[in-house]
Protein chains: 2
Amino acid sequence: MNKRKGLRVFAPATVANVAVGYDVLGFALDKPGDELVVREGSKPGLVIKSIHGNSGLSKEIHKNTAGYAAFRLMESLGYEKEAVEIELYKKMGIGTGLGSSAASAVAGVFAVNEFFGRPYSKDQLLRFATDAEQIADGSWHADNVAPSLLGSIILIRDNASMDYVKLPVPEGLRVVILYPKISVLTKKSRAILKQEISLDLHIKQSANLGAFVAALYKSDLALMSRSLTDHIIEPQRAGLIPQFAALKALAMESHALACSISGAGPSIFALTDNTVKADNVLNVWTRFMSDKAMDFDVFISKINTEGAKVF
Amino acid sequence: MNKRKGLRVFAPATVANVAVGYDVLGFALDKPGDELVVREGSKPGLVIKSIHGNSGLSKEIHKNTAGYAAFRLMESLGYEKEAVEIELYKKMGIGTGLGSSAASAVAGVFAVNEFFGRPYSKDQLLRFATDAEQIADGSWHADNVAPSLLGSIILIRDNASMDYVKLPVPEGLRVVILYPKISVLTKKSRAILKQEISLDLHIKQSANLGAFVAALYKSDLALMSRSLTDHIIEPQRAGLIPQFAALKALAMESHALACSISGAGPSIFALTDNTVKADNVLNVWTRFMSDKAMDFDVFISKINTEGAKVF
């Protein structure tokens with residue numbers, strides 16, 4: 001063990017599903033993201049000393065994704081009795097659709113791995129973070145934790161075996177995120193989905209996913225735009241987000257490449273091929289939400305290719 | 001119009017579906033393939049003068065995919081009254097699962113386009129060939145005609161708009177084809193498929209398709225191998241092909257990267273990463289089929305990256 005003194009890490013927010021990759025695709029944002037400080041504790045074992053920015057989260061290790069991911073790592077190393085204390089700085093709300101619980105899980109496991117002198121590669125941390133993510137929404141899937149940890153756009157080929165592919169990010173791509181300040185719980189958002197789909201929709205959607213992957217390798221943004229149409233999930237969830245259809249139409253009229261729901265919502269994202277168009281989308285969304293007197297946050301980000309980092 | 005004297009073309013056999021891309025993926029083989037001769041006719045209009053190698057096919061333009069594809073091209077050019085005669089050399093059986101009707105359609109339209117001095121690009125011929133393919137199996141899909149015409153591995157993003165992506169072919173890849181000499185009609189093979197699938201299988205299959213596309217761009221044959229598992233179509237169709245499970249097991253034991261049904265069957269294909277392994281698969285399949293006294297053809301091919309050609 002080559003313990004470090006103490007350090008602070010950042011783990012980014014993420015957009016999962018990405019229109020055509022339900023439970024399969026996700027990408028990382030430059031901001032927002034959770035921060036976490038780890039240092040030597042005053043008694044044996046892992047302790048969550050404090051949580052800043054969100055009073056509702058539990059400080060119990062087994063009920064907190066940051067704590068649980070870190071604990072699973074320590075357990076795997078035989079370090080459960082080491083004195084470690086963490087402080088979590090929540091920089092994003094819960095239930096926004098931007099992978100809040102995943103960012104905390106990644107921050108926890110990444111920080112503690114660094115603290116112990118990096119016994120595991122980033123790749124090896126994925127399983128612990130996914131274990132923890134399961135606490136938050138009840139299902140085992142890595143489409144938020146993988147991009148938060150590793151950066152870029154990630155395709156999870158198989159959740160069970162953690163088989164993933166890190167996909168290339170075309171130059172110039174910008175993401176506009178609109179977070180309407182309403183609560184949509186992932187569990188509810190999952191529960192409304194039909195468990196059967198037609199073979200025809202499967203064909204259409206999987207062809208779009210295949211073409212989206214090709215578009216990333218080819219840096220073909222027109223193909224990407226044609227590919228990012230969700231025939232299955234978005235039509236079922238759109239009703240959970242007030243004014244979704246109007247917001248999407250506004251983004252597409254402002255020449256966005258695509259617009260869909262981020263994760264389980266209520267946040268929505270638009271992709272554009274440059275900053276001017278991203279500004280345009282941001283402006284029309286701001287005007288629309290203000291006119292309707294709806295509470296919201298809106299911001300522009302690149303796709304983050306680095307993932308979790310010490311800073 | 002810059003009419004040529006007469007010429008002979010080749011259009012290759014194809015493997016459609018490719019385990020994870022039902023109605024979406026197909027690749028071309030070096031052999032077999034249909035040949036077609038086109039020359040000036042003796043009376044106005046298109047005439048199928050003869051069909052060699054298969055006495056069952058109709059010489060009526062509207063009942064023959066080669067004739068119909070060529071006719072649709074001539075119609076589009078306003079050349080319906082031009083005197084054109086074609087001779088089709090069928091080099092492959094009907095109902096083999098190797099895109100026989102598609103190869104004829106492509107040969108017809110490609111030859112006549114060349115004959116008229118190439119008024120259309122290959123890309124523009126796709127629609128005519130797909131029109132004709134619809135005669136043969138009753139559905140509008142380009143997963144055989146596109147690779148036969150264009151070569152390589154083709155992903156059809158959208159059949160309706162003919163939006164496709166030509167995917168890269170990794171070095172060293174070899175295809176082993178086994179054609180058990182039984183008849184499986186595409187229409188029947190389509191009819192047995194359930195029209196509803198579970199969301200869970202959709203997720204698994206589309207993730208595999210996305211990963212397969214990534215594997216081609218990365219030349220990552222291990223990822224390709226992990227990706228080419230068909231959770232939806234193969235389990236439903238395997239029963240149409242005697243000994244399919246045993247044949248697949250033999251191929252995988254011989255270190256094939258993947259093995260599945262070619263198109264609607266009964267042909268099956270295995271992919272290997274070199275010629276030695278391809279030979280091994282060919283040998284175990286030959287021994288097995290001979291032991292069972294089942295009639296068959298078996299052969300090895302590269303993936304054809306050129307598609308239809310004059311020769």
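Inter-copy label distances for B:Lys122: 3.9 nm (label point placed 7 Å from Cα along Cα→Cβ; shortest first).
The angle between the Cα long axis of helix A:122-137 and the main principal axis of chain A comes to about 70°, on a 0 to 90 degree scale.
Rounded, prolate or oblate: which fits chain B when a ≥ b ≥ c are the square roots of the eigenvalues of the alpha-carbon gyration tensor, with rounded for a/c under 1.5 and prolate only if a/b beats b/c? Verdict is prolate for chain B.
Given an 8 Å cut-off on Cα distances and at least 6 residues of separation, report the relative contact order of the stretch B:134-200 as a percent. Please list the in-between numbers first.
Numbers: 41 pairs, mean separation 14.4, N = 67.
Taking the mean separation of contacting Cα pairs over the length of the stretch B:134-200, I get 22 percent.
Comparing A:Ile232, A:Ile86, A:Ile154 in a Gaussian network model of chain A (Cα springs below 10 Å), the most mobile by mean-square fluctuation is A:Ile232. Remark: spin-label model distance B:Lys181-B:Met252 equals 3.0 nm, labels positioned 7 Å along the Cα→Cβ axis.
Before anything else, pin down the relative contact order of chain B: Cα pairs under 8 Å, at least 6 apart, normalised by residue count, whole percent. Let's see the in-between values first.
Numbers: 732 pairs, mean separation 76.2, N = 311.
It rounds to 24 percent for chain B.
How would the protein assembly as shown be classified by its alpha-carbon gyration tensor: rounded, prolate or oblate, with rounded meaning a/c under 1.5 and the a/b versus b/c comparison settling the rest? Prolate, since a/c reaches 1.5 and a/b exceeds b/c. Label-point spacing for B:Ser55 across the identical copies (point 7 Å from Cα in the Cβ direction), in nm and ascending order: 9.1. In the assembly of identical copies, B:Glu253 has its label point, taken 7 Å from Cα in the direction of the beta carbon, separated from the corresponding points by 6.5 nm (ascending, one decimal).
Over all pairs of different C-alpha atoms, the stretch A:224-311 has a mean inverse distance whose reciprocal, the Kirkwood radius, equals 14.0 Å.
Of the accessible area of the stretch A:28-76, computed with a 1.4 Å probe over protein heavy atoms only, carbon and sulfur atoms account for 47 percent. Peptide A:212-223 is shielded by partner chain Cβ atoms: per residue, an average of 4 of them sit within 10 Å of its Cβ.
Measure nothing fancy, just the Cα-based angle from helix B:199-218's long axis to the longest principal axis of chain B, in degrees from 0 to 90, nearest 10. In chain B, helix B:199-218 runs at an angle near 70 degrees to the longest axis. What FRET efficiency would be calculated for the residue pair A:Ala245, A:Glu75, taking the C-beta separation as r and a Förster radius of 45 Å, to the nearest 0.05? The pair A:Ala245/A:Glu75 has a calculated efficiency of 0.45. Diffusion coefficient (Stokes-Einstein, Kirkwood radius over C-alpha pairs, 37 °C, 0.692 mPa s) for the stretch A:1-132: 224 µm²/s, rounded to a whole number. Dividing the mean sequence gap of close Cα pairs (under 8 Å, 6+ apart) by how many residues the stretch A:174-301 holds gives a relative contact order of 41 percent.
So, R0 is 60 Å and r is the distance between the beta-carbons of A:Val276 and A:Asn2; what FRET efficiency does that work out to, to 0.05? Don't jump to the answer; show the numbers that get you there.
Numbers: r = 48 Å, r/R0 = 0.80.
Here the calculated transfer efficiency is 0.80.
With helices as the sole contributors, the protein assembly as shown gives -11500 deg cm²/dmol at 222 nm; each DSSP H run of n ≥ 4 counts as -39500 (n - 2.57), and the sum is divided by every residue.
Rounded to the nearest 10 degrees, the inclination of helix A:100-115 to the longest alpha-carbon principal axis of chain A is 40 degrees. Subtracting the Cα-Cα distance of B:Ala191 and B:Asp291 from 0.36 nm times their residue separation leaves 32.8 nm of extension gain. Which shape class, rounded, prolate or oblate, goes with the stretch A:167-252 when its Cα gyration tensor gives a ≥ b ≥ c as root eigenvalues, a/c under 1.5 marks rounded, and past that a/b bigger than b/c marks prolate? Oblate, since a/c reaches 1.5 and b/c is not below a/b. Within the listed set B:Asp158, B:Asp291, B:Asp131, the Gaussian network model of chain B (springs between alpha-carbon atoms below 10 Å) gives the highest mean-square fluctuation for B:Asp291.
The values are calculated or read from the model by the stated rules, or taken from the named source; none is laboratory data. The shown structure was predicted, so the numbers you read here are calculated from the model rather than taken from an experiment. All Cβ positions, glycine included, derive from the backbone under ideal geometry; neighbour counts span all protein chains shown. Areas reflect the complete protein model, heavy atoms only, side chains present, ligands, DNA and RNA absent. Shrake-Rupley method; radii C 1.70, N 1.55, O 1.52, S 1.80 Å.
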